[in-house]
Every structure is written in C-alpha cells, then in structure tokens.
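To start, the structure under review is shown below, and the notes come after it.
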Number of protein chains: 2
Amino acid sequence: MMSPLQDGRVATSEPQPNISDQDRTNVGAGIGKSCFDLKAYLSQQQQRVETALEQSLPMARPETIYDSMRYSLLAGGKRLRPILCLATCELMGGHEAQAMPTACALEMVHTMSLIHDDLPAMDNDDYRRGKLTNHKVYGDDIAILAGDGLLAYAFEHVAEKTVDVPAARLLKVVAQLGRAVGAAGLVGGQVVDLECEGKTDVTLETLNFIHTHKTSALLEVSVVSGAILAGASEADQQRLLHYAQNIGLAFQIVDDILDITATSEELGKSAGKDLKAQKLTYPSLWGLEKSRLEAQNLVESAKAEVAGWGEQALALMAIADYITARTY
Amino acid sequence: MMSPLQDGRVATSEPQPNISDQDRTNVGAGIGKSCFDLKAYLSQQQQRVETALEQSLPMARPETIYDSMRYSLLAGGKRLRPILCLATCELMGGHEAQAMPTACALEMVHTMSLIHDDLPAMDNDDYRRGKLTNHKVYGDDIAILAGDGLLAYAFEHVAEKTVDVPAARLLKVVAQLGRAVGAAGLVGGQVVDLECEGKTDVTLETLNFIHTHKTSALLEVSVVSGAILAGASEADQQRLLHYAQNIGLAFQIVDDILDITATSEELGKSAGKDLKAQKLTYPSLWGLEKSRLEAQNLVESAKAEVAGWGEQALALMAIADYITARTY
C-alpha cells in the first residue's frame, strides 16, 4: 500500500505517455459540466446490488443467525464499495456477472466491520444506517457470530459464485480481500483507532495510518478487484489503486467533516461522536475549511488518475466528485 | 453434509469393489498391534506445524493486534486439524508444501472460533489451552478484532502462500473453508448451542446438529482439503469425508465425556462446565458407558473407511484410535 504524502495526497505513478495533460483537462472539464447523470447511475447500480445481495444470502437454519446477518447486510447504505467494483470491472472490459459476487462480498465484509465496531466492547453504537445496531436487536453474542458468518461467507461466495473468471485471478481477489480486512487493513486501522481514543498527542502520521487502513484499504480492494476480475494490466491496476487511495482518504476527511456538520438523522448514526470522544480528526487538526480543501484536492488527484480513459471513466470521475459533495 | 444416523454413525458410501473385507480386517488388526508409532508421528507433525505457524504470522505494526493473534495461535494445542490436512494430502500422493498453508489456515480459523467463543458475551471462559483466554489478556475489543484478523488472514494465507497446486483446486479449498466456518458450519453450530443453553428438552437431532456444525464441519474440511490439494478423485474425497464425519462426532462425544471425567488441569480449560450449565451432552443423554461405546463404534466406522488404503492410511487410522484413547 502506498503511503499518503504529508499533505494527504497519494504519490502517483509515472504518467502514462499516451495521455496528454490536455486530454485530461478536457475530460475533467466535461465532468465539470455534468454530462454524466450520476444520480441515475448510482440509483440503478444500487438497485442491482440490492437484488444481488438479497439473493446472495437466502434464509436457512439456524434462522436466528441468517436473520441477523440479513438484517445488517440488507439495511441499505450507499453500496459504494460494490458499485466501485462493478464500475472498474466494466471500465476494464469485463461484465457484471464477473464482478457481482465480489461486489456482494465487499459489502458483506464492510457490514461485518460495522457490526463488530458497533459492539459495546468497541464503539458501543445504538444506531447504524438509521436502524438499531445488530447487537441491540440480536444480542452481543449473535452479533459477534453474524460478523464472523458474513466474513467467512464473503470468501465462500467469491470462490463459489463467480463466473467467467480464471481461477488464478479469483485467488488474487481472495488474497487482496483477506489482506484488506485483516490486521494489515481494516482490523489494524481499528486497533490503532481504539488505542488513540482519549489521547491528545496523536500525530498526522498516525491519523493517516488509521484511515488508510480503516477506510481506504477496503475501498482500494473494491476498485482494484473489479480490474483484476476483468483481467486488467498491472499498470492499469496501479492507476486505479492511486485513484482509490485518493478517494479513500477524501472519503474519510468528509466523514470527519459530516460528523461535525450533519445531524444524526442525516447520517443514520450518532453525529458529533468524534467531538464528544475528543477524537483527533482531520477537522480538529486542520479546521473545517482546510479539511474541505484537502478533500477537494484529493478528489481532483483521483480524477486525474482515470481521466485518460475518457468517457469510459465518467462513472469513476463522478463518484469521486460525489464523495466531496455528499451530505451523509 | 451427510446427516449422522440416529445411533451416531454416518452413512457410508458403497464399498469400493477392489477392497475385500479380509484386507480391511488385516489392516485393522495391524493397527491394533500398534505397528505405527502414533506418539512419535503426532509429535513430529505437531513440531512441523508449530514452526510453520510461527513463520506464518510475523510481528508487524500495529503490534497489539499481531501480539494478540500470535498469543492465541501459538498457545499450543494438539494441532489435530493441520495434522489431518497434511496426512490426507500425503495419503493422496501430495507433498507437505502443498498443504501446509491450508493446514495453518485451519488452525487460524479454529483459534478464531476459540477466541470468540471464550468472550464474556458468549461462553465467558477465563482459561484455554492452560493459559488466560485472549480477552482476559488483551480486552474484549482486541480479542474480537484478533479473531477477525485471524479469520481474514486464513484465506489470504491459503491464496497467497500455497505452492504447486492449481488455482482451481485452491479455490475449492477456499470455498469449503468458508462454508465450514460460516453460518452453514461452525457459526451455525455455536448459535444453536447458545439457543439450547438452559433448555431441558433438547433432542438428539438438535444435539447432533450442534456438533456436526460446531466440531465436525472444521474436521471435515481439514481432512478433505488435504485430499483436494493433492488432486484426489471425488470418490476418494467422499471416503475421506465419511472418515472425517465419524471421527468428528466421536471427538465431540469424547469431549463431553472428558468434561465430566477429566480435571481442569488436564484439559487446560474449565472442567465440569457442561454439568454446571445443565447442558445436554451425549453422556447426559446416554450415560458414560454408552457414550464411550458409541465413540468407539464411530472410530471403528472411520477406520473401516480408510482401511482399504492399507499401510498408507496408518496415520489416519491411528489418529482415529487416538480420539477415543485421549485423556485431554
């Protein structure tokens, strides 16, 4: 994983020789004029992901655990990770059926991390996605097991349900997904986050570590796995990785901003938690204005990475814009 | 998964035509005379697994989580699951390097289930393998995350570190491992186990459900994955599956017996817990004597499944015997 620079942006690879700066600017300008209907695109893709998720995990015995897993998996949400996976698979010449099981697995893994993070032993949250958290409904024991079940099932689902993808590519996805979730990714980020609670001397480097692991790692594998499934070249995977790293950090900065500026109703979870917990966040370090600017810069860097693909990358560029524009 | 018969034994497939009953008896008798030094074999294999486990998970940042994962993963134990995986891989003509990453992954997954089961929100145990449980040392939050980290890493490790195995076979192992751990396996068994706590009207069918899921599922994938990695035929995989189902149930019956007859010191965990919790167990249903007999019958059935492979199957036959003979 690349380390973010001190100013937040992620080091880019060498520019591709066949994409002129002029090309990039033109495409960027096109996006600025909103020739891509992002709202319709997101809504359509979200619907396709919802249908696939619903079918991915049918009820079975023992009902309690399937009920609990489905409760959180099907609780709505932006489905940003699956949508990114589908988008890069398509961008790299693949088709939806190749990526949908991985797209669902990404949401299973993301849901697992939310269920476990919300537990009383961790962040102790009562609401998530506008509904009671899993443990508030099913108890701590079932919530822990529902997370375990979703995590294990994610890998089974990818390995068993993917079609039209050579086994070697799928194994690469399995390995990267495992890495993104484990101690080298999500879990590692959450541990450092817990360790920093109540501390007043947390450095920017530590804050970046938390978020490149807790948020960006899964966004990165969402973006890159779609490309791997479609058989993208290493160079294209790298370019998409940099896109993902930039939007990942931007996403977290915006999350921190929204914790301050949005209401709990808008967020579907408790607002103002970071302030209450005296947590170091980007706004607490930089102030709101500079945080917004940094997020915007990261989004521009992300867009520049994919601009060379022209119209085909409009979805990825619009999603990057959406990250700074979103209000929940 | 096959259902155990009412009397505990698992339905066997058609006998292989090329193995006479006489052959089977001869091999069985050979084992009875202990021509195989099981103690030396287990000790040697255990050492190889320990070394591989130690190398599989080197320390990294954040240290707390790697420390916690390693604390439980390297806490000793019989390493029965890895040893079974290595044994069937070898039996089917494979070599150790093909199976060792999966063998380690099986132990990671098993360790994850122990860490999570021991949590206060679940079985609330203070000791495991003769040491303080993970959450007693690191806290509930880190223990939950250590389990998640081990589970995710198990899949990464199989996908990334296995050598000399075609990708399609490895994917099958990933799928079966996921299934064995999730709601269709371990997690499902634990849920029904939790639901039955304090109930006095639990049926034999429910008790079998709990144990075929909570204990046997992982033993089955331990045995079958080794065969898959070595490229075994479907028929051989089936035969080994029946072996695993029989030793799986025998293992659980013996565990229940030991909970009554062994001391906490011998077990390395709290003894007499089932009695105290008024849990339905095989001894509480059948009495100690019939339970011992059933376990012995299951072990004989298991041995009969693999006897046709003659001397090459001595390790598997000895391991089956060991299950009823063990005292901890």
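The values are calculated or read from the model by the stated rules, or taken from the named source; none is laboratory data. Remember, predicted model here, so these are calculated numbers, not experimental data. Backbone-built Cβ (ideal geometry, glycine too); neighbour counts: all protein chains shown. SASA here: full protein model, heavy atoms, side chains in, ligands and nucleic acids out. Shrake-Rupley method; radii C 1.70, N 1.55, O 1.52, S 1.80 Å.
How much length is gained on full extension from B:Arg48 to B:Lys136, taking 0.36 nm per residue of separation minus their Cα-Cα distance? Please report the intermediate quantities before stating the final value.
Working: separation 88, 0.36 × 88 = 31.68 nm, distance 2.90 nm.
The span from B:Arg48 to B:Lys136 would gain 28.8 nm if fully extended.
Compare the peptides B:181-190, A:249-258 by average per-residue count of other Cβ atoms within 10 angstrom and give them in order, highest first. Let's see the in-between values first.
Details: B:181-190: 27.1, A:249-258: 23.3.
Ranking, from highest mean packing down: B:181-190, A:249-258.
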- Note on the structure: Given A:134-140, B:282-288, the highest-first ranking by average Cβ count within 10 Å works out to A:134-140, B:282-288
- Message: Given R₀ = 51 Å, what would the calculated FRET efficiency be for A:Glu160 paired with A:Asp201, taking r from the Cβ atoms and rounding to 0.05?
- Response: 0.60
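Need one number: buried accessible surface between chains A and B, 1.4 Å probe, both sides summed, DNA, RNA and ligands left out, in Å² to 100.
3800 Å²
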- Message: Less than 20 Å apart at the alpha-carbon level, and either on another chain or at least 8 residues along: which lysines does that give for B:Lys214?
- Response: B:Lys78, B:Lys199, B:Lys269, B:Lys273, B:Lys279
- Query: Which of the aspartates and glutamates could be linked to A:Lys39 by a straight reach, that is with a Cα gap under 15 Å, when you skip same-chain ones fewer than 8 residues away?
  - Reply: A:Asp321
- Going by a ≥ b ≥ c, the root eigenvalues of the Cα gyration tensor, does the stretch A:276-328 fall in the rounded group (a/c under 1.5), the prolate group (a/b larger than b/c) or the oblate group? prolate
- Rough spin-label spacing in nm, given labels placed 7 Å along Cα→Cβ, for B:Glu234 and A:Glu63: 3.5 nm
- Please give the direction-averaged projected area of the C-alpha convex hull for chain A, in square nanometres with one decimal. 15.6 nm²
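Within 10 Å of each Cβ in B:167-180, how many Cβ atoms from other chains are there, averaged over the peptide? All intermediate terms of the calculation are to be shown ahead of the outcome.
Values: counts 7, 5, 1, 6, 10, 3, 1, 10, 8, 3, 4, 13, 6, 2.
The shielding value for this peptide is 6.
What part of the accessible area of the stretch B:124-240, given as a whole %, is carbon or sulfur when the probe is 1.4 angstrom?
C and S atoms contribute 47 percent here.
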- Task: Quick one: with label points 7 Å out along Cα→Cβ, list the inter-copy distances for B:Arg129 in nm, shortest first?
- Result: 3.5
- Task: Rank A:Asp123, A:Asp236, A:Asp148 by mean-square fluctuation in a GNM of chain A with C-alpha springs under 10 angstrom and give only the top-ranked residue.
- Result: A:Asp123
- Note on the structure: Taking only the alpha carbons of the stretch A:174-328, the radius of gyration and the largest Cα-Cα distance, Dmax, both in angstrom, are 16.0, 47
- Query: Of all the residues in chain B, which one has the C-beta that comes nearest the axis relating B to A, and what is the distance in Å?
  - Reply: B:Ala167, 2
- Note on the structure: Log entry: pair-distance distribution for the protein assembly as shown, C-alpha pairs binned every 20 Å from zero, whole % per bin is 19, 51, 25, 6, 0
- Note on the structure: Checked the stretch A:83-131 against the a/c 1.5 cut and the a/b vs b/c comparison, axes a ≥ b ≥ c from its Cα gyration tensor; verdict prolate
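Count, for each residue of A:213-226, the Cβ atoms from other chains sitting within 10 Å of its Cβ, then give me the mean as a whole number. It would help to have the intermediate numbers written out before the result.
Values: counts 2, 0, 0, 0, 0, 0, 0, 0, 0, 0, 0, 0, 0, 0.
Whole-number average of other-chain Cβ neighbours for A:213-226 is 0.
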- Name the most mobile residue of B:Gly149, B:Gly198, B:Gly310, meaning the one with the largest mean-square fluctuation, in a Gaussian network model of chain B with Cα contacts below 10 Å. B:Gly198
- Take peptide A:116-124, look around each residue's Cβ out to 10 angstrom, count Cβ atoms belonging to other protein chains, and average those counts. 4
- Message: Ordered shortest first, which distances in nm separate the 7 Å Cα→C-beta label point of A:Met59 from those of the other copies?
- Response: 5.1
- Note on the structure: So, in nm and shortest first, the distances from B:Leu74 to its counterparts in the other copies, with label points 7 Å along Cα→Cβ, work out as 4.5
